[in-house]
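Participant: Structure in structure tokens, see below.
The values are calculated or read from the model by the stated rules, or taken from the named source; none is laboratory data. Small disclaimer: the values here were computed from a predicted structure and weren't measured. Counting neighbours? That spans all protein chains shown, and the Cβs are built from the backbone with ideal geometry, glycine included. Ligands, DNA and RNA are stripped out before the accessible areas are found, and what is left, the full protein with its side chains, is counted by its heavy atoms. Shrake-Rupley method; radii C 1.70, N 1.55, O 1.52, S 1.80 Å.
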Amino acid sequence: VGVEDLACAAPASGSTAGAPSAAGYPSGDHWYRLSLRPGQVVRLSTCSGGADAAAGGGGSSDFDTVVRLWRGCPLDGGVEVATNDDAPGCDVASELHYAVPGTDAAQ
């Protein structure tokens, strides 16, 4: 499974075509890597305007998505720290907000 680095506030796109699924979903996974500091808050979203968008939500991805955040690599024994499937106001798109604990670092 390939991994791409993800920069803060930078939009990212990728394809799951032909990719394996670590979680057993029918479609494959697309992995991004980011480094977070203790106390930092991250928002990961496939919802076009975000679930927090004003006036009725933010729309949706063109397909069903799940967003998962792991500490470490899930294929090497990492620990899932947050997940979202079908965020409110996003139809089948997903969005999660995560605050890194003061003594933890998610990557």
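Participant: Taking the Cα-to-Cβ direction at THR83 and at ASP64 and moving 7 Å from each Cα, how far apart do the two end points lie in nm?
Facilitator: Each label point lies 7 Å from its Cα, and together they span 1.4 nm.
Participant: How would SER45, SER94 line up by accessible area, probe 1.4 Å, largest first? Show your work: numbers first, answer last.
Facilitator: Details: SER45 45, SER94 0 Å².
Accessible-area ranking of SER45, SER94, largest first: SER45, SER94.
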